[in-house]
1. Give me the net charge for the shell around Arg381: Cβ to Cβ below 12 angstrom, other residues only, Lys and Arg +1, Asp and Glu -1.
2. About its Cα centre, what dipole magnitude does the chain give when the only charges are +1 on Lys and Arg Cβ and -1 on Asp and Glu Cβ, stated in debye to the nearest 20?
3. Please list, in order along the stretch 202-219, the HN-Hα scalar couplings obtained from phi with the Karplus expression 6.51 cos²θ - 1.76 cosθ + 1.60 (θ = phi - 60°), rounded to whole Hz, x for Gly and Pro.
4. For the stretch 239-371, compute Rg over Rh where Rg is the Cα radius of gyration and Rh is the Kirkwood radius from the inverse mean 1/r over Cα pairs.
5. Provide the percentage of antiparallel DSSP beta bridges, counting only those with both residues in the stretch 58-319; round to the nearest 5.
6. Quick check for me: using +1 on Lys/Arg Cβ and -1 on Asp/Glu Cβ, what's the dipole size of the stretch 61-105 about its Cα centre, in debye to the nearest 20?
7. Among 259-268, 9-18, what's the highest-first ranking by average C-beta atoms within 10 angstrom per residue?
8. Subtracting the Cα-Cα distance from 0.36 nm times the residue separation, let me have the gained length for Leu185 to Ala3 in nm, one decimal.
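Please treat every number below as a calculation from the coordinates, not as lab data. None of the values given here were measured: they were computed from a predicted structure. Cβ placement follows ideal geometry from the backbone for every residue including glycine, while neighbour counts extend to all protein chains displayed.
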Amino acid sequence: TAASLLERRERSFAAVQEHYFDSPPRIERGWREHLVDTEGRCYLDMLNNVTILGHGHPGLSEAVHQQWQRLNTNSRFHYESVVSLSERLAALLPDGLDTVFLVNSGSEAVDLALRLAWAAAGRQDVVAVGEAYHGWTYASDAVSTSVADNPGALASRPDWVHVLPAPNAYRGSHRGPDAERYGPLAADSIRELARSGRPPAAFICEPYYGNAGGMALPDGYLRQVYEATRAAGGLCVADEVQVGYGRLGSHFWGFEQQGVVPDIVTVAKAMGNGHPLGAVITSKEIADTYRSQGYFFSSAGGSPVSSVVGLTVLDALRDEGLQENARIVGGHLRDRLLELADRHPLIGAVHGTGLYLGVEFVRDRATLEPAAEETAAICERLRELGVVVQPTSDRLCVLKIKPPLCLTRESADRFAAVLDDTLTHGW
Ligand code: PMP
């Protein structure tokens with residue numbers, strides 16, 4: 001039973017290895033945006049930002065199966081798929097971002113991105129933003145500033161990390177139209193760091209603000225911060241681990257939405273549709289500075305199986321029109337959620353675009369008091385009603401909505417109806 005599995009899990013796992021829900025269902029299989037538990041109950045998976053193609057994708061399983069039967073080995077061998085995947089990634093990025101490192105996760109990608117910046121700039125200071133999550137390895141954890149949604153959380157932040165105010169346009173220090181001030185203020189802080197003798201080697205940020213609830217950065221924010229970082233001799237890292245790969249609908253990459261081109265891009269999650277696969281893409285010039293660190297090697301990063309996964313995901317994204325689906329179904333879902341916001345005062349805001357959405361719950365629309373307990377209870381109730389979704393943000397009062405990009409309009413409507421029902425009849 002689900003309960004006995006939970007007991008066994010608790011015996012062999014540490015308490016810090018959390019699971020979703022107080023009484024989690026025992027999930028056995030998945031199909032597109034649906035999960036099925038051992039009792040045959042079906043759940044709508046509105047949460048899974050990893051399986052971008054959906055669960056149980058037949059083309060992907062077949063490709064993996066065939067590759068496993070033929071060969072799997074480490075990436076120091078010479079084979080077609082690892083080169084093709086690197087070429088395909090580079091082709092999706094602006095000119096100059098043409099050199100690819102393949103790793104196994106988002107944390108590793110961010111770690112490597114920072115090491116590349118350190119090697120290229122010849123120094124260590126890094127500027128990050130508040131309310132951000134970038135991973136659990138040492139360097140990625142050091143720049144993860146989120147206080148709530150941060151599984152790693154170093155006991156103390158190393159002094160090479162400088163944290164800018166969270167550019168949260170909904171409830172940060174500068175709200176609404178005033179949010180335009182975040183960019184110039186951040187640029188001033190970077191100039192000030194340089195004047196004080198600590199010019200940053202890198203600035204790192206998600207180009208679309210995931211951890212704060214899936215909201216856009218203020219217009220011009222990245223342009224202003226990138227200019228100041230480059231003027232100080234630093235590199236600009238775009239963490240596309242969560243937002244990249246078409247989730248925004250309107251753009252394949254988050255940085256495109258801000259009209260900037262980063263120096264280093266990190267990718268993972270969607271890239272492997274749940275298979276451990278990540279990448280760092282940069283210029284040849286920056287990549288070559290890594291020689292000063294020795295050489296780069298990851299046993300399974302870019303293995304034949306991982307590379308075939310990466311290529312099959314890119315093919316399916318294109319052939320199944322998933323970015324376009326994210327734009328259309330995501331737009332429809334956003335409209336439905338805005339309708340709910342008209343009727344339910346608990347909804348303070350609907351953030352995001354495409355299938356990268358957040359519903360922020362507040363107790364009072366004037367004070368924006370976060371409704372964290374209500375959000376947790378709503379998630380539990382939605383799970384009872386067959387919808388899987390989770391709280392996010394530092395205040396844990398935002399429903400994180402990042403379903404597979406194959407989400408249908410019917411499933412989007414079902415989610416909106418179940419949420420409406422829960423907000424109307426209580427949780
Ligand atoms: N960067 C961002 C923006 C992320 O959302 C995450 C994962 N939540 C990571 C990095 C770390 O990725 P992983 O869990 O694959 O190590």
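1. On the way: positive: Arg383; negative: Asp22, Glu374, Glu380, Glu384, Asp421.
Counting the neighbours of Arg381, the net charge comes to -4.
2. In total the dipole reaches around 540 debye.
3. Karplus values, whole Hz, x for Gly and Pro: 7, 10, 10, 7, 6, x, 9, 7, x, 5, 6, x, x, 10, 5, 6, x, 3.
4. When Rh is taken as the Kirkwood radius, the ratio is 1.10.
5. On the way: 10 of 23 bridges.
The antiparallel proportion sits near 45 percent.
6. 220 debye
7. Details: 259-268: 24.4, 9-18: 8.9.
So the order, starting with the most tightly packed, is 259-268, 9-18.
8. Working: separation 182, 0.36 × 182 = 65.52 nm, distance 5.10 nm.
That works out to 60.4 nm of additional length.
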